[in-house]
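Some notes on the structure that comes next.
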Amino acid sequence: MKYIVTGCDGKLGGRVAENMLDHVSPKELIFTCPFLNRLNPEKKINWESLGVTVAQANYDNVEEMVKAFEGGDRLYIVSAVTIGEIRVQQHKNVVDAAIKAGIKHITYTSFLGASNPAYEHIYVTPDHTATEKYICEKHEETGISYNFMQDNLYMENYLTTSVMLALMSENKWYTTAGEGKATFVPKDDVARLATALLLGKGKDNKTYLACGGESISQRDIVTLISELSGKNIEYCPVSHTEFFEYLDSVHIPRTATGDYSQSPVPWCGNDMVTNEASIAEGLMDVSSNAIELLTGQKPKTVREIAQNYSYIWEKNITNWKDIV
């Protein structure tokens, strides 16, 4: 059996890659990324010395992916970066390449609510809905099996970039989340679930919700960060218009294809406003035991991992590229 992990240069795919090394022989692993020259050279050398095959597989190049995926049986797909039609086409390219290469199973990183029309107004959701639909169509045509891992909002974002933006904004934490709660999920726990699905521990053709085990509001997170950092951060729930204006003021583009040259974060305003608003709407306060069920471990709470990101306020981080 051979397992393929895409996006091994990223923070989620990289975690899955390292996890897989703990479960199967390195010779059974193929790690890919869109640009090999952007992969940490030491990491590449280490993986290859263990026997891992490391290959370039750009989502815009079907034939390159087919070559990289050849000989693989089960594929983990990290979702692409640029929201919109570009990303949907890239995902279709990966699926097409997987089928051409003879892959038997796909695990796809989706988003909470991708299969629920109540979530379709959230900026990132339609891409995942379209991808899930495409994979299901290909399952009907070819028999390729799949698992969808629908991730809730990542907990780390609220311990890193949200904190960073607040500190850059006179200790004011702006959001459209209001008093809503969410089961934010740590990436380590998402990666453990992805690893389990890639290994075949899930039921074929089933969707698993990657949610944290704690329902918590952003106001509670702000209180915790204020306590840990010794900084008096003010929680400031605002309207959609006010949040857009704030994001404009710190040079965050409104669309995924906007100008990011001065943006302190890699996301756009439409993404941030609608994600945060979905919390106020109660859409992110979803309970799921999938992580514990398939990995044997409960997901971490905000308090359990918050101190890992104390360097954000200690070093006064001002750009996402400096976040570890």
Is it the case that some residue within the stretch 161-176 is under 20 Å from Ser288 (Cα atoms) and buried (at least 20 other Cβ atoms within 10 Å of the Cβ)?
no
If Leu247 satisfies all but one of (1) touching a Gly at 6+ places or on another chain (Cβ under 8 Å); (2) without any contact (Cβ under 8 Å) to a residue 24 or more places away in the chain; (3) open to solvent by less than 30 Å² (accessible area, probe 1.4 Å), what's the number of the condition it fails?
(2)
Given the criterion surrounded by fewer than 21 Cβ atoms within 10 Å (Cβ to Cβ), at negative phi and not in a loop (DSSP other than H, G, I, E, B), identify the matching residue among Asp189, Asp220, Asp204.
Asp220
Considering only the stretch 149-160, state which residues are aliphatic (A, V, I, L, M) and open to solvent by 10 Å² or more (accessible area, probe 1.4 Å).
Leu153
Residue pairs, Cβ under 7 Å, 6 or more apart or interchain, first in the stretch 75-96 and surrounded by fewer than 17 Cβ atoms within 10 Å (Cβ to Cβ), second at pLDDT below 95 and not in a loop (DSSP other than H, G, I, E, B). List them.
none
Report, by residue number, each residue of the stretch 223-244 that is outside any loop (DSSP other than H, G, I, E, B) and open to solvent by 30 Å² or more (accessible area, probe 1.4 Å).
Thr223, Glu227, Leu228, Glu234, Pro237, His240, Thr241, Glu242, Phe244
Looking at Thr274, is it of a type in the set (Val, Ile, Thr) and under 30 Å from Glu170 (Cα atoms)?
yes
Would you please name the residue that is nearest to the chain's Cα centre (by Cα), looking only at residues in the stretch 145-197 that are within 16 Å of Met284 (Cβ to Cβ) and among the hydroxyl-bearing types (Ser, Thr, Tyr)?
Tyr154
Go through Ala277, Ala256, Ala194 for me and flag whichever is of a type in the set (A, V, I, L, M, F, W, C), in contact (Cβ under 8 Å) with a residue 40 or more places away in the chain and buried (at least 23 other Cβ atoms within 10 Å of the Cβ).
Ala194
Scan the stretch 3-60 for residues that are among the basic types (Lys, Arg) and either free of Cβ contacts under 8 Å to residues at least 60 places away in the same chain or crowded, with 17+ Cβ neighbours inside 10 Å (or both) and jot them down.
Arg15, Lys27, Arg38, Lys43, Lys44
Could we say that Thr183 is open to solvent by 60 Å² or more (accessible area, probe 1.4 Å), hydroxyl-bearing (Ser, Thr, Tyr) and at pLDDT 95 or above here?
no
Any idea which of Ala114, Ala130 is closer than 30 Å to Leu283 by Cβ, at pLDDT 95 or above, surrounded by fewer than 18 Cβ atoms within 10 Å (Cβ to Cβ) and of a type in the set (Gly, Ala, Ser)?
Ala130
Which of the residues that make up the stretch 14-43 are assigned to a helix (DSSP H, G or I) and under 17 Å from Gly72 (Cα atoms)?
Val16, Ala17, Met20, Leu21, Pro26, Lys27, Glu28
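The values are calculated or read from the model by the stated rules, or taken from the named source; none is laboratory data. Worth saying up front: this structure is predicted, and the values here are computed from it rather than measured. Neighbour counts run over all protein chains shown; Cβ positions are idealised from the backbone, glycine included. Remember, those area values only see protein heavy atoms, side chains included, never the ligands or the DNA or RNA. Shrake-Rupley method; radii C 1.70, N 1.55, O 1.52, S 1.80 Å.
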